[in-house]
DNA sequence: GAATGATTTGCAATCGATTGCAATAACTAC
DNA sequence: GTAGTTATTGCAATCGATTGCAAATCATTC
C-alpha cells in the first residue's frame, strides 16, 4: 500500500491551497496566511509552507484570490481617438505610450485591458466592461470630450487622463508641458527669422489648444501679429491631413514655417510640401511634436518637441494605483524638450 | 411598513444573481439559466427575468462566472522582439497588428493581456501569468525561438504564432506570403534593370529568411548571381540599423538597390543613404515590407509589400478561439501585395 | 381519478481563495 | 499548579456564479 500512496503523492500536482495544506498537514487558512506573509503566523510554519509551495511549483491562483477580494488587478487603457478625422491608433506615439504603461503595470503586477474603438461618447463606457471589470482606467487624450470625462469621473472607478488640466475638471491629469512645447518650437522658428509661421492642428483638443497658446505667446513676445488664416485645422489621419494641406496651399496664403501638433502630422506635411515642389526647410521650415522614433530618420530629420513617454507611463500608472488605494492624487506635468534637427535648420 | 419595503426595493441595487432571483421570486439557479438562455427554462420565465435584469441594469458578473467555469476569457499577446538589436515595439506595424487583434478579440468578448518585454527564452513563460491566466496565446513573430515555441506549444494552452510555417512545428501559424513578397519586390527591381540588389535584414528570423528566399528566387530567375556580400544583417532598431548601414557602406561594395525586411528598416536606410549623399531612387532604389501608414508619406514615398493586417488579426484570433474550443486548426497564409511608389521608381 | 411522462424549477455542492472569530497551545508570573 | 496573557492555528462563512440531480408541476391518456 505504501508505494501506492507515495506514487499518488508525487503524481498529484498541487493546484489549490487545499492541496498544499493537506500535504503540509495544516489548514487551508494557515496555508493562505503563509503565502500571504501574514504576521499572525509562526515564522517557521510560514517558511515551511513557502518552501513546499516552491518545491511543487505552486502559487496562489490569482483569479480566485482577486474574486474573493473583489478586485480585478486590471487597468483599462482607452485611446481617445479623434473621430472626425478617423485618427488611427497607428500613430507610433500611442504605441510607445502603451508600451510604457504596459511596463509599469507589469511591475506592479497589474494586467492591462486595451480598448481602442473610437468612441463618440465616453459615457457609453459607464456600465461597460471597461469600467466594471477593471480597478481603474487610463485615458490617452481627452479628445473633445472633457465634459463627458468629467461626468464619468464621478463614478467610483478611478480615472487618470493623459492630457491637459482643464479648470474645473474632477479627474486626475498627467500631461506634458504642452504650452511650453508650443512656445519653444515657435520661438525656435522665430529665432531663425521666420515670421509667417502657420499652426497645423485641431485646437478642439485641449492639448493642442495649449500648444497653440504657446505658439501665440511666442509670436506676441516677438511682436509678430498672429494671422488667423495661418491657423489650420489639420486632421490626425495622414490621408485627410494631406488633403487638408493641399487645400490650404491652394489658398495661396504665404507662409515660411509650420508648427505641427504631432510628428505624424509633420511628416505628412513635409511629404505633401515636397510633393508640391516646396523644399524643407529652405522654403518651409517644419517642427513637430512627440519625437517619435521615426522623426530622427525622416528626410529631412524632424525638429520636434520630445515628450518623456517612459516617465509618462510610469506616472499614469502610479497615479491610478494610488487612487485605487484611496490616496489623494494631484496632477503631474512633465517637462518637454525641443529637439532641433534639420527640418527647421539650415 | 409597506413604504419601507418599497424604498428598500428601489434603493437596493441588483448586484448578484441572488438579488435578481429574490426580486423575481425565483431561485438563483433559475436566474442563472434565464440569463444564459438555457433550453431547460420556460420561455416566459426567461423573458421575465431578462427584462427585469435589463431594467435594473444588471448583467452577470463576468469574473465570477469565469471563475466558476475555470476559464479566463483572456488571450495573451506576446511580441517577440529581436533581442540582439533591442528592437522596440514602436514599429508601427506592431501597433496596427495589436489594434487589429484587439478589435477581433473584443468582437468575441475576450480580453487582451499584453506582454512585450523582450524575452531571451520564451520557455520562461511556461509557468507565468501569460500561460496560466489566459485561455490562449498569440505570439507576434517567432524570433529565433522556434524550438522553444515548439516546446511551449506542447502544453495545454493553445498557441498561435504570426510568422512562417516551419516544417515540424507543432503550433499553429498565421502569416503572410513572405516568400512571394520577397520575390515580387526583387522582381520589380530587376524589371527596372537593377542588377546589384542588396538584401537588408536578419535571416535568423524565419519570416525574413523566407523573404530572402524569395529574393534569391527572383535573382535566379533573371540569371543574376546572388552576391553573399550583398546580404547584410541589419538590426531592427533604427539607430543600430543606421550604424550597420554606415558600416556596410564603408566596405565600398557597389549596389544599386536594396530589398529591406521591414518598412522601418527601409526608412532608416533611406535616411542614412541620403545623409551619406546618395539619392533615392536615382542612386539606390529601396523597397520595404509591411506598408505601414507612414510608408506612403516618406520622402520619397516607399515602395513596399503590403500585408493584410486587418485580416491577420481576425484570423489569429479566430484560430486561437477555435483551438480553445478544441477544434482542429490549420495554418493560414494571407496574400501580400507589392505597392509601387517612388522610392523604387523614376 | 390515477398513472405516466414531459417540463420546469429548486437544492446544494462547487470553483480557489480570504478572514473574523473561536479554540488551542505556549508562556509568564505568582 | 493555576490563572492570566499572548502567540498560533483552525472553523466556517463568503465572494458570485454554474449545474447534476431531485422535486415539483403540468399535460396526457385510460
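Readers should treat all values here as calculations from the given coordinates under stated rules, not as data from a laboratory. If you're wondering where the values come from, they're calculated on a predicted model, not measured in any experiment. When we count neighbours, we look across all protein chains shown, and the Cβ atoms used for this are built from the backbone with ideal geometry, even at glycine.
Sorting check: for B:30-42, B:170-182, which peptide has the highest mean count of neighbouring beta carbons within 10 Å, and how do the rest follow?
On the way: B:30-42: 16.2, B:170-182: 22.8.
The most tightly packed comes first, giving B:170-182, B:30-42.
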Exercise for the section: Provide the three semi-axes, in whole Å and in decreasing order, of the ellipsoid equivalent to the stretch B:152-219 as defined by the square roots of 5 times the Cα gyration tensor eigenvalues. Expected result: 31, 10, 8
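Given the protein assembly as shown, what percent of its DSSP beta bridges are antiparallel, to the nearest 5? Don't skip to the answer; put the middle values down first.
Values: 9 of 71 bridges.
For the protein assembly as shown, the DSSP antiparallel bridge percentage is about 15.
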Handout entry: Acute angle (nearest 10 degrees) that the helix B:238-250 long axis makes with the longest principal axis of chain B, alpha-carbon atoms
Key = 10 degrees
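Please report the orientation-averaged projected area of the stretch B:252-296, defined via the convex hull of its C-alpha atoms, in nm². Working shown, then result.
Numbers: hull surface 12.5 nm².
It is 3.1 nm².
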Problem - residue A:253-residue B:127 pseudo-label distance in nm [points 7 Å out on the Cα-to-Cβ vector] - result: 6.4 nm
Exercise for the section: Return the distance in nm (one decimal) between the two label points of a simple spin-label model at residue B:340 and residue B:226, each offset 7 Å from Cα along Cα→Cβ. Expected result: 2.5 nm
Handout entry: Highest-fluctuation residue, B:207, B:151, B:223 considered, GNM on chain B with Cα pairs under 10 Å
Key = B:223
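Between residue B:327 and residue B:109, what length in nm is gained on full extension when 0.36 nm per residue of separation is reduced by their alpha carbon distance? It would help to have the intermediate numbers written out before the result.
Numbers: separation 218, 0.36 × 218 = 78.48 nm, distance 1.90 nm.
So the chain would gain 76.6 nm between residue B:327 and residue B:109.
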Problem - Mean projection area, nm², convex hull over Cα of the stretch B:104-185 - result: 6.6 nm²
Practice task
For every helix of n ≥ 4 consecutive DSSP H residues, a contribution of -39,500 (n - 2.57) applies; sum these over the protein assembly as shown, divide by its total residues, and give [θ] at 222 nm rounded to the nearest 500 deg cm²/dmol.
Solution key: -12500 deg cm²/dmol
Problem - Extension gain, residue B:144 back to residue B:120 (0.36 nm per residue minus Cα-Cα distance, nm) - result: 7.7 nm
Exercise for the section: Place the peptides A:15-24, B:327-336 in order of packing, highest mean first, counting for every residue the other Cβ atoms within 10 Å and averaging per peptide. Expected result: A:15-24, B:327-336
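Can you tell me the alpha carbon radius of gyration of the protein assembly as shown divided by the globular rule-of-thumb value 2.2 N^0.38 Å?
Details: Rg = 28.5 Å, N = 692, 2.2 N^0.38 = 26.4 Å.
That ratio works out to 1.08.
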Fill in the blank from the handout: Helix A:206-221 sits off the longest principal axis of the Cα atoms of chain A, rounded to the nearest 10 on a 0 to 90 degree scale, by 40 degrees
Handout entry: Per-residue average of Cβ from other chains inside 10 Å of B:293-306
Key = 5
Problem - Average projection area in nm² (convex hull over Cα atoms of the stretch A:214-338, one quarter of hull surface) - result: 9.7 nm²
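Take the Cβ-Cβ distance between residue A:70 and residue B:151 as r, set R0 to 45 Å, and report the resulting FRET efficiency rounded to the nearest 0.05.
E between residue A:70 and residue B:151, to the nearest 0.05, is 0.75.
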Fill in the blank from the handout: Using eta = 0.890 mPa s and T = 25 °C, Stokes-Einstein with Kirkwood Rh from Cα pairs puts D for chain B, in µm² s⁻¹, at 107 µm²/s
Fill in the blank from the handout: Between residue B:310 and residue A:167, the FRET efficiency computed from the C-beta separation at R0 = 60 Å comes out, to the nearest 0.05, as 0.90
Fill in the blank from the handout: Taking alpha-carbon centroids only, the stretch A:18-61 lies from the stretch A:114-179 a number of Å equal to 41 Å
Exercise for the section: Run through the other copies and list how far each one's label point is from that of residue A:127, in nm with one decimal, shortest first; the point sits 7 Å from Cα along Cα-Cβ. Expected result: 4.4
Handout entry: Label zone at residue A:282 (point 7 Å along Cα-to-Cβ), backbone N below 20 Å, the stretch B:285-326
Key = B:299-301
Exercise for the section: Within the stretch A:194-226, which residues have the backbone N less than 12 Å from the label spot 7 Å out from residue A:233 along Cα→beta-carbon, could you tell me? Expected result: A:201-205
Practice task
Taking chain B as the reference, fit the longest principal axis to its C-alpha atoms, fit the long axis of helix B:2-11 to the helix C-alpha atoms, and give the angle between the two in degrees, 0 to 90, nearest 10.
Solution key: 10 degrees
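Once you average over the residues of A:130-143, how many Cβ atoms of partner chains fall within 10 Å of each Cβ?
Working: counts 0, 0, 4, 6, 1, 0, 0, 0, 0, 0, 0, 0, 0, 0.
For peptide A:130-143, the averaged partner shielding equals 1.
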